[in-house]
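The values are calculated or read from the model by the stated rules, or taken from the named source; none is laboratory data. All of these numbers come straight from a predicted model, not from anything done at the bench. Neighbour counts are summed over all protein chains in view; Cβ atoms, including those assigned to glycine, are modelled from backbone coordinates with ideal geometry. Remember, those area values only see protein heavy atoms, side chains included, never the ligands or the DNA or RNA. Shrake-Rupley method; radii C 1.70, N 1.55, O 1.52, S 1.80 Å.
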Amino acid sequence: MTTVRDAFESMAWSPAPESATLATEWLERHGRRFGHFVGGRWTEPTELFAVTNPATGAELAQVSQGDDALVHAAVAAARAAQPAWQALGGHGRARWLYAIARGVQRHARLFSVIESLDNGKPIRESRDIDIPLVARHFLHHAGWAQLLDQEFPGMEPVGVVGQVIPWNFPLLMLSWKIAPALAAGNTVVLKPAEFTPLTALCFAAMLEELGLPPGVVNIITGDGRTGAALVNHPDVQKVAFTGSTEVGRAIRSATAGSGKKLSLELGGKSPFVVFDDADLDSVVEGVVDAIWFNQGQVCCAGSRILVAESVAERLIAKLRARMERLRVGSPLDKSVDIGAIVAPVQLERITAMVAQGVAEGSTCWQPSWSVPTEGCFYPPTLFTNVQPAATIAQEEIFGPVVVLLTFRTHDEAVEIANNSRYGLAASVWSDNLNLALDVAPRLKAGTVWVNCTNLFDASSGFGGYRESGYGREGGREGMYEYLKRSHVNSAVRTASGEQRPAEAPAVASDGLPPVDRTPKLYIGGKQVRPDSGYALPIVGADGRRLGDVGRGNRKDIRNAVEAAHAAQPKWAGATAHTRAQVLYFLGENLAARQAEFAARLTALTGVDGAAEAEAAVRRCFTWAAWADKYDGAVHHTPLRNVTLAMPEPIGVIGVRCPDEAPLLGLLSTILPAIAMGNAVVAIPSLQGALLATDLYQVLDTSDVPGGVVNLVTGTHAELLAPLAGHDDVDACWCFGTQPEAAEVERLSTGNLKRTWTEWFVREWASAIDGEGTEFLRQATQVKNIWVPYGA
Ligand code: NAI
């Protein structure tokens with residue numbers, strides 16, 4: 001007699017193919033040839049290139065390669081459409097975004113099938129994950145459009161946005177880019193990846209059908225040349241890019257100093273950390289979703305399994321058994337787990353990386369069955385015996401290949417997890433919630449999934465730390481990427497004129513010179529002599545020498561960064577209450593010497609310094625107040641999860657302080673950074689440098705731990721470049737001139753540090769210009785920790 005168990009175990013999978021008929025008909029209706037969608041119209045197809053189905057190699061359609069003239073036309077169309085789109089108001093735009101969400105739902109099956117044909121991903125994924133998330137994204141952002149005026153006061157759209165997306169989640173990435181841009185009142189030119197432009201074109205056709213005003217969304221096709229022309233176009237005010245770190249760097253460099261806003265979502269090598277008390281069967285299913293979802297072509301793929309040594313053998317055995325039963329095959333087969341790799345070039349890249357892993361001595365395991373020989377297929381692959389420094393443990397493979405390493409202690413797990421230049425996502429597996437929630441904040445990643453993986457939702461911002469890029473997509477923080485302050489002074493900062501010839505200092509009435517002070521720098525909580533041994537005279541408003549400051553150089557910057565690095569973790573780990581107390585104390589001690597600072601300001605600027613000194617004390621109180629109030633949020637993500645959005649300090653922030661308001665400008669820029677748990681290496685304005693040296697004792701007496709604030713005086717020409725280029729500086733703020741901003745942005749590409757540059761004079765005394773949550777947003781990055789609940 002056959003038992004239920006026998007029947008269950010002997011059941012075989014049969015193909016369950018999804019029909020491609022409607023998608024094929026759609027392609028045929030367009031003659032399988034596409035122009036660009038610009039200003040609400042289709043251009044004549046020109047300079048065609050083929051788009052193929054990676055599962056079969058068959059040509060699906062021909063699309064056009066956009067050139068400079070085309071890019072210009074698209075940007076012009078977006079520019080022309082922008083004022084009316086903005087004027088439509090939040091509710092008007094919400095109506096359109098809602099219509100788009102509904103349109104996506106109506107055409108969901110068509111989009112899913114085209115996506116699977118074009119990209120090779122299993123229809124199960126495009127149908128159940130990608131396309132529903134696309135609709136969800138537009139719906140969520142219809143809400144932000146509706147609430148824009150109330151929730152983002154004092155902000156306005158940036159204007160025309162240029163967006164470049166990759167091939168791994170073609171329509172989903174389009175929605176992540178377009179929805180927030182439109183909600184905020186911008187218009188868009190978007191370029192899909194050359195391998196996978198079809199759903200973007202299908203989306204354009206849907207917009208045409210909906211009657212979206214012409215020019216609001218423009219879809220242009222082509223390869224990297226078209227992308228480069230778009231991001232470099234002078235009328236594009238914001239660039240949003242998802243793709244390789246290499247191209248992200250090139251874009252940062254190319255747009256340096258242009259004033260364009262930039263968000264980059266780049267690669268990853270995300271750790272998948274398994275503690276010894278984790279439920280290993282759940283872990284195995286987690287690994288399936290982490291690395292075999294979308295053939296592993298996922299920026300946040302859990303591609304590094306870190307497992308407690310005591311359970312590693314058991315996990316490996318279970319994984320191999322599961323891998324043996326995975327099914328690789330036609331993307332349109334509903335019973336397939338792994339579809340096709342996007343293109344031959346990507347297949348070659350994966351094959352080469354695997355060969356390198358074997359050559360470097362790791363053990364490669366693949367299931368006994370073979371994958372289809374026609375089309376781009378690759379089997380699920382597990383590497384064991386992997387050294388943390390091995391190429392396959394460090395570099396993104398972007399394929400169905402996972403490496404497994406072991407650890408002995410919790411600290412070692414965190415250390416290996418963070419031993420990566422990337423920081424996009426991580427997942428933590430343990431049945432001990434205390435442990436999971438202790439480890440999650442210590443992982444350097446924008447998203448941490450606890451006992452789950454690869455979950456996404458429009459309400460939860462997604463984006464990276466370190467070389468995984470910056471900026472977030474989704475949620476409130478994603479909206480800020482597409483908005484700018486409405487109030488910006490028109491006065492532009494000009495070169496500070498650095499050194500002026502100085503007359504001898506005034507001699508006091510008793511005929512004696514003032515007591516001389518040896519100029520020093522403030523590094524690691526100590527006054528240290530500048531490495532150069534040189535000093536710079538500081539000239540007062542009357543042209544007389546007021547005193548000297550140390551002339552810091554590259555070596556001093558390096559020492560200051562080292563000190564900041566050493567001090568930052570402990571400072572970040574201090575309670576917000578402690579940081580608040582320190583900042584209040586700073587205000588108290590500054591107030592005690594207010595008259596002295598006021599007199600110094602008067603001497604330096606020739607304007608009565610009393611008001612600025614008073615404002616400086618107030619500013620200490622502002623940032624002390626914020627230190628324990630900039631809270632995160634709990635998002636209502638679906639899938640029975642609470643998602644904790646936690647603002648975390650960025651690390652070490654380099655600050656080029658503004659020239660205007662020498663004391664207030666300095667405090668207004670360094671205090672929000674330290675209030676949030678960062679350490680700072682600041683270059684005071686040359687004129688403010690003498691004031692900075694006066695601050696050393698105030699900082700000392702206020703219990704600011706050594707290394708949390710480092711002040712390196714000197715010339716910006718000598719100090720800014722080493723600061724902006726230093727790979728241990730995690731963010732660089734430049735309140736200087738436009739050429740300085742360009743330099744900072746160009747030099748930021750090494751470790752892809754976040755930059756905040758502006759060259760418009762701020763009124764530091766005003767609450768609008770001189771303080772506010774903008775500073776806190778710049779001083780933090782949001783980590784989203786997903787915690788599932790339910791039995
Ligand atoms: P890519 O970064 O070259 O392409 C992404 C997009 O950027 C495409 O639309 C492309 O046309 C465009 N592009 C290329 N050069 C450009 C330029 N100079 N200026 C503006 N746009 C430009 O990525 P590719 O070559 O397709 O894949 C290479 C590797 O990148 C993959 O093996 C993977 O490791 C990584 N990658 C990461 C992705 C992610 O989601 N983080 C997505 C795709 C690839």
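Here is a yes/no grid of residues against (1) surrounded by 14 or more Cβ atoms within 10 Å (Cβ to Cβ); (2) closer than 24 Å to P705 by Cβ:
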{"site": "I557", "(1), (2)": "yes, yes"}
{"site": "G573", "(1), (2)": "no, yes"}
{"site": "N589", "(1), (2)": "yes, yes"}
{"site": "A613", "(1), (2)": "yes, no"}
{"site": "F621", "(1), (2)": "yes, yes"}
{"site": "T637", "(1), (2)": "yes, no"}
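Take the conditions (1) of a type in the set (G, A, S); (2) surrounded by fewer than 17 Cβ atoms within 10 Å (Cβ to Cβ); (3) more than 20 Å from the chain's Cα centre (by Cα); A278 misses just one of them, which is (2). Scanning the range 479-488 for residues that are touching a strand residue (DSSP E or B) at 6+ places or on another chain (Cβ under 8 Å) and open to solvent by less than 30 Å² (accessible area, probe 1.4 Å) yields Y482, L483.
I'd like to know if the range 318-326 contains one or more residues that are open to solvent by less than 50 Å² (accessible area, probe 1.4 Å), within 30 Å of A12 (Cα to Cα) and not in a helix (DSSP H, G or I). Checking the range 318-326: at least one residue is open to solvent by less than 50 Å² (accessible area, probe 1.4 Å), within 30 Å of A12 (Cα to Cα) and not in a helix (DSSP H, G or I). When A290 is tested against (1) part of a helix (DSSP H, G or I); (2) more than 16 Å from A417 (Cα to Cα), exactly one condition is not met: (2).
Looking at the range 373-397, which of its residues are β-branched (V, I, T), in contact (Cβ under 8 Å) with a residue 12 or more places away in the chain and not in a helix (DSSP H, G or I)?
Of everything in the range 373-397, those that are β-branched (V, I, T), in contact (Cβ under 8 Å) with a residue 12 or more places away in the chain and not in a helix (DSSP H, G or I) turn out to be T381, T384, V386, I397.
In the range 100-128, what residues are among the hydrophobic types (A, V, I, L, M, F, W, C), in contact (Cβ under 8 Å) with a residue 40 or more places away in the chain and open to solvent by 10 Å² or more (accessible area, probe 1.4 Å)? L110, L117, listed by residue number. Selection of the range 176-222 for residues being under 17 Å from F241 (Cβ atoms) and either of a type in the set (V, I, T) or open to solvent by 10 Å² or more (accessible area, probe 1.4 Å) (or both) yields W176, I178, V188, V189, E194, F195, T196, I219, I220, T221. Pairing each residue of the range 297-318 that is within 14 Å of the ligand (Cβ to nearest atom) with any residue that is charged (D, E, K, R) and at pLDDT 95 or above, provided the two are 6+ apart or on different chains, yields C-beta distances under 6 Å for S303/K269. Mind checking whether some residue in the range 403-423 is over 19 Å from the mean Cα position of the chain (by Cα), farther than 13 Å from E265 by Cβ, within 16 Å of the ligand (Cβ to nearest atom) and in contact (Cβ under 8 Å) with a residue 40 or more places away in the chain? The answer is yes, given that some residue of the range 403-423 is over 19 Å from the mean Cα position of the chain (by Cα), farther than 13 Å from E265 by Cβ, within 16 Å of the ligand (Cβ to nearest atom) and in contact (Cβ under 8 Å) with a residue 40 or more places away in the chain.
Anything in the range 230-256 that is away from the ligand (no atom under 11 Å from the Cβ), open to solvent by less than 10 Å² (accessible area, probe 1.4 Å) and more than 17 Å from the chain's Cα centre (by Cα)? List them, or say none. Listed by number, the list holds a single entry, V236.
Can you name the helices (runs of 4 or more DSSP H) wholly within the range 646-757 that have at least 2 residues being in contact with a strand residue (DSSP E or B) (Cβ under 8 Å, 6 or more places away or on another chain) and under 24 Å from K783 (Cα atoms)?
662-675
Scanning the range 545-572 for residues that are of a type outside the set (K, R) and free of Cβ contacts under 8 Å to residues at least 60 places away in the same chain gives D548, N559, P569.
May I ask you to verify whether A352 is open to solvent by 50 Å² or more (accessible area, probe 1.4 Å) and not in a loop (DSSP other than H, G, I, E, B)? Spelling it out, A352 is indeed open to solvent by 50 Å² or more (accessible area, probe 1.4 Å) and not in a loop (DSSP other than H, G, I, E, B).
Here T637 meets each of (1) part of a helix (DSSP H, G or I); (2) farther than 28 Å from G654 by Cβ with one exception, condition (1). Restricting the range 157-173 to residues that are closer than 20 Å to D223 by Cβ and surrounded by fewer than 24 Cβ atoms within 10 Å (Cβ to Cβ) leaves a set whose member that is farthest from the ligand (Cβ to nearest atom) is W167.
Of the residues making up the range 178-218, those that are in contact (Cβ under 8 Å) with a residue 60 or more places away in the chain, under 20 Å from E481 (Cβ atoms) and within 16 Å of the ligand (Cβ to nearest atom) are V188, V189, K191, N218.
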